[in-house]
Every structure is written in structure tokens, then in C-alpha cells.
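Take a look at the structure below.
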């Protein structure tokens, strides 16, 4: 007895081998297509390849029938792909070649012709928007401009730039009402017509803070505008940067509250999230000027709801030991105004000097015309040894400094600079052992050269006036006032950040002949006790050092450098003896920061100068 499913089951069994054979045949005929384009290069070549559908089958199987169907549309697709770049009269000829094994090559020979050029650019802005600097700049830079080739990508980007400039200038309701590109193939030309209805220019309304650990009264000091001022995106971004720089917040977002804007006034909404309150830091380091060492610290980002800060740091290296504690009190105002109190200890032992000093400082810091201005009073006391001669000092002196820094990328600067100017003075009648006055200036300038190179220029200068000390030696002769200055207030050259090729603090005026016997005798005693003897360099009253450096990065994170450093530390211009060091170096943009290893060779070598010096520095560019 036959079931109803019998014949159907039989047909399935018979047809299965046919399906398998067809699948095998289809697979055998499947292949890949390579696309070759000539006649155009660069972006035009890439646009043609991306614009033809057949190029998608370079890594996908395709049958012979599919290849021919796809190829039939290739020439039109190639011409269309060139139109956004202004080429509306391109000629494309092609050939499809079978290369065996079911594979094909589609050859396209492109003649782009002359691009369509802009003969009229008409941009209309109602109201007074065209008087705003940012808007003027965006309109003036609009591309493509008159006489330039039509480029739709540049056109769309320029439209967006003008729209952003209008928004940034406070025209939050600006709307593009006309946007036309009229192409005339007969004359190979085009006209661009754009018109914006900009509307009202908004003013800044009330600023509200959410999510902060401080009261609004404290946060108001960071607002860089007055309520009622015209809205600008620059001011909004400045507030955001100020909040980030305050180092209280892990999240700081500032944006206009456009949903609640009305009557030409837009409120500002600030979303904040507290940062981690206590930071512990620790690490190891190495520098040729300090030797290997460890550092650590504890920072309390805010001590109370008034935003006070506290920080303690310590560093221990073979040639340098320091400890410092600072307490910062932020003050009201829009200029990052703060009072800072600190205590320091410094124990340094170099080839030239040894010093152990303690210090106290009280400073007032604020932003002034784009500079960080610091006014302070410092107290320094301790003992030291320079050129194997021992001394001690106590100084109380006011100090003022101006500093400014700009960098496009703090981790790897391609366009930036830093400037620091400082002045300090003390008087013997005011708790100081000697009267003195000193000014210093330091500068660094960095510029990228192409994509793989950088040029770095650096310079330092200083000058010191020192009066005679009221102290007298055993013969009743007044002690030279310069001898009462600790190494921190004398000028030396040589080292990682000075003249490479010379060891740290080894460039400067030598000890005077009248004191040389005393220093030499002490040096001989130290040698007998197997202790190190210092170089006979006492430091100078003046400093003048300059450097030029070129870096080339053969890989994204690896580069080589060549440099020349020159200058001297001296006490009078008659005694100026220029020292120059040249050399090469290796650069590594490591995960922990820039690492620099330089080998410097001194060009003004004497009997105590090494043939070369290795300098290693880890740290930021500025």
C-alpha cells in the first residue's frame, strides 16, 4: 500500500544529487574581481575605486553573470564618483579581462578633464552677524572660493564652519535658508548661493551648577563673564577649562540651556562630578643630574567646602633629596587668585657643591593679562659647600614672577612655548646676611616641521647684584657678599637642561687664586678620608645660555635628535668664556612620558672635562 508521501519522498531523493551538482558547478565558477584605475591619483583614484560597486568583490566570491552585470554600470559609477570633486565631464573607458580560475580584472582608464570652477560665491547674512570676528573669519575662509575647483566635501565642511561660527557668536537660532550650487556644464562653471537667517544674538543668563561638592557661591568665582554679556562659545569653553584646571572635578560639562532660552537670553547649565579627593603618587626615576631615585606624595584636592588644598611631596635620589609641603587657599574672583603657604627642605650634592637648606614661603598667585603672576616672600637658611669651601646663610627676600605657557598637546607639543621671568631681592638690614638683587628669564619654543620633525629653541639668562657682607674674616676684611649666596642663588651651566656635553654645574667661574690654597688643602684631606672632592667652580653672578635642537621621528613613538648648546655662567663680561656642546640623541614617547637620551660632546675642552656626557631626562616638553 502506497502512502500519500511516497512519490513526494521519491522526488526529493532524485532531485538532491542535481542540487549538489549545481552547487558544485556554481562554486567552481565563482571568483574574485580586481579593479585597476589609471589616469587619476590620490583622492580622485580612491574616489573612483570606492564609487564602483564591482570593487566590493575583491574579497567576495562572484559569478561570471554577476561580474558582467556589475561591469555594465562601472563606467557611469566612475564618472559619478568624480562629480563631488568638481569633475563633471570625465571620460571613462574600461575593459573586463578574465584572468583564469574564475577571476577577473576590471581596468578603468579615466580622463578627468578640467574641473568645474566657481565663478560666483554669494553668502548672505542678515542682521549684524557679519560684523563678528569669528563669523568674518569663517566666511573669508569659505572653500571652494571664487576661481577654485568645485569640491563638495570642502563645500559641506565650510557650511558647517559658518554655522558653528554663528552659534559660537551667540546666534543660537541661525538657520540656513538658501543653499544652492548651480553647475553649468556648457561653461564648466558653477555658482554658490547661501543665505542664513541668523535671528537674535543671545545674551548670557543665569548659570546653574549641578553635582558639585561646593556651594554655588564658591563656584561663581570661575565664571569668566557677567550675566547679560553676549553669549560666545569661547567664554563657555573658558569656564569649562577653568573648572578642569581647578582640579576638583572628574566631570565638567558646560553648555547653553537652549530649551529654556527666551527673550534673547540663554541660561548656562554646568554639570559637575567630584574627582577623587585624595591622591597618592609614587614612582622611580633617573636623571643624569640627580642619579636614580624615588618620589612620592599625598595630595588632598580639597580640605574643606571652601576649596582649600594641601600637598606633601618627597624625593630621594643619590644626589638630591627634597621635601615640600604646601597649603593653598583659593580667593574670590575670576583670575584663579590664591594664597599659598609652603615649607621646603633641600639636600643636594653635586660635583661642584653641597647644600642643605630649609625654606618658608608665602605667595599670592593670580592670572594677570594672560600671565600667571606670583608675588611672594621667602625665607631661606642653611649651610653649604662650594668649591670645597664651607659657608652658611640666612636670607629673607621678596620675589615676583611672571609665567606663561601655551601648547597644542601637553604630551607631545608641536606648537607651543613657555616663558618665565622672575626677580628677587634681599637687604642685609632685614634678616638677611647680605644685600642682593637678581633677575632671571627662561624661554622655550617648539614648532613642528612637517609631520615627522620638530625644532626646539631654548634660552636662559640671569643677572645678580651682590653687596659686601657686614661679616669680616679673621683679618678684619669684609667677606665677599657673593660667598653668602647659597648654590640655589648662584648661576652654573652644564647639564641636562643647560649645556649638554658638560656635567651638571661644572661650567662657571673658577675659585679665585687667593682662596685656592684653602680649598686645595681641604680637598687633600677629603681624599685622604676617601671622600669626594668638589670641582673648583664657585658659580657666577650672570648667566647666558642658548640651545637649538632638531628632532626627526622615524616611527610614531621613536625619533632621533641633533643639538647644539652654548653659553656660560660668569661674573663679569670680561670673564665670559663661551662653552659649546654638540651631540645626538634618542627620543621615545613612552607610556609614562617623553624619554630623552642625549650624548653631548664639549667643543671647549680642558683637562678636567670629560670627552662626552650622557644625559637622560624623563618629563614633558614644557
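Listed here are the residues, each with its yes/no results for (1) more than 23 Å from residue 373 (Cβ to Cβ); (2) surrounded by fewer than 18 Cβ atoms within 10 Å (Cβ to Cβ).
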{"residue": "414", "(1), (2)": "yes, yes"}
{"residue": "424", "(1), (2)": "no, no"}
{"residue": "428", "(1), (2)": "yes, no"}
{"residue": "457", "(1), (2)": "yes, yes"}
Within the range 489-522, the residues that are surrounded by fewer than 19 Cβ atoms within 10 Å (Cβ to Cβ) and more than 30 Å from residue 425 (Cβ to Cβ) are 513, 516, 517, 518, 520, 521, 522
Filtering the range 67-95 down to residues that are farther than 23 Å from residue 186 by Cβ and surrounded by fewer than 17 Cβ atoms within 10 Å (Cβ to Cβ) yields 68, 69, 72, 73, 93, 95
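Can you tell me which residue within the range 172-193, out of those that are buried (at least 19 other Cβ atoms within 10 Å of the Cβ) and closer than 18 Å to residue 132 by Cα, is farthest from the chain's Cα centre (by Cα)? Reasoning before the result, please.
Quick first cut of the range 172-193, residues buried (at least 19 other Cβ atoms within 10 Å of the Cβ) only: 172, 174, 190, 192.
Filter again for closer than 18 Å to residue 132 by Cα, leaving 172, 174.
On the way: 172: 31, 174: 34 Å.
Among those residues, the one meeting the criterion is 174.
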Within the range 304-354, the residues that are under 17 Å from residue 219 (Cβ atoms) and assigned to a loop (DSSP other than H, G, I, E, B) are 304, 305, 306, 307, 308, 331, 332, 333, 334, 335, 336, 337
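Here's the yes/no breakdown for (1) outside the structural domain of residue 260 (by TED's automatic domain parsing); (2) free of Cβ contacts under 8 Å to residues at least 60 places away in the same chain:
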{"position": "157", "(1), (2)": "yes, yes"}
{"position": "181", "(1), (2)": "yes, yes"}
{"position": "210", "(1), (2)": "no, no"}
{"position": "215", "(1), (2)": "no, no"}
{"position": "225", "(1), (2)": "no, yes"}
{"position": "236", "(1), (2)": "no, yes"}
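Considering only residues that are crowded, with 18+ Cβ neighbours inside 10 Å and touching a residue at least 40 places away in the same chain (Cβ under 8 Å), look in the range 247-260 and name the one that is farthest from residue 405 (Cα to Cα). Please lay out each step first, then the result.
Narrowing the range 247-260 to residues crowded, with 18+ Cβ neighbours inside 10 Å: 248-249, 252, 254, 256.
Narrowing further to those that are touching a residue at least 40 places away in the same chain (Cβ under 8 Å): 248, 256.
Working: 248: 22, 256: 29 Å.
The selected residue is 256.
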Check: Can you find a residue in the range 516-534 that is in a strand (DSSP E or B), touching a residue at least 24 places away in the same chain (Cβ under 8 Å) and assigned by TED's automatic domain parsing to the domain that holds residue 444?
Finding: no
Residue 382 being on the phi > 0 side of the Ramachandran plot and part of a strand (DSSP E or B) = yes
| query | Do we find that residue 98 is closer than 18 Å to residue 47 by Cα and not in a helix (DSSP H, G or I) in this structure? | reply | no
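The values are calculated or read from the model by the stated rules, or taken from the named source; none is laboratory data. Please read all numbers here as calculations on a predicted model, not as lab measurements. Reconstructed Cβ throughout: ideal geometry from the backbone, glycine too, with neighbour counts over all protein chains shown.
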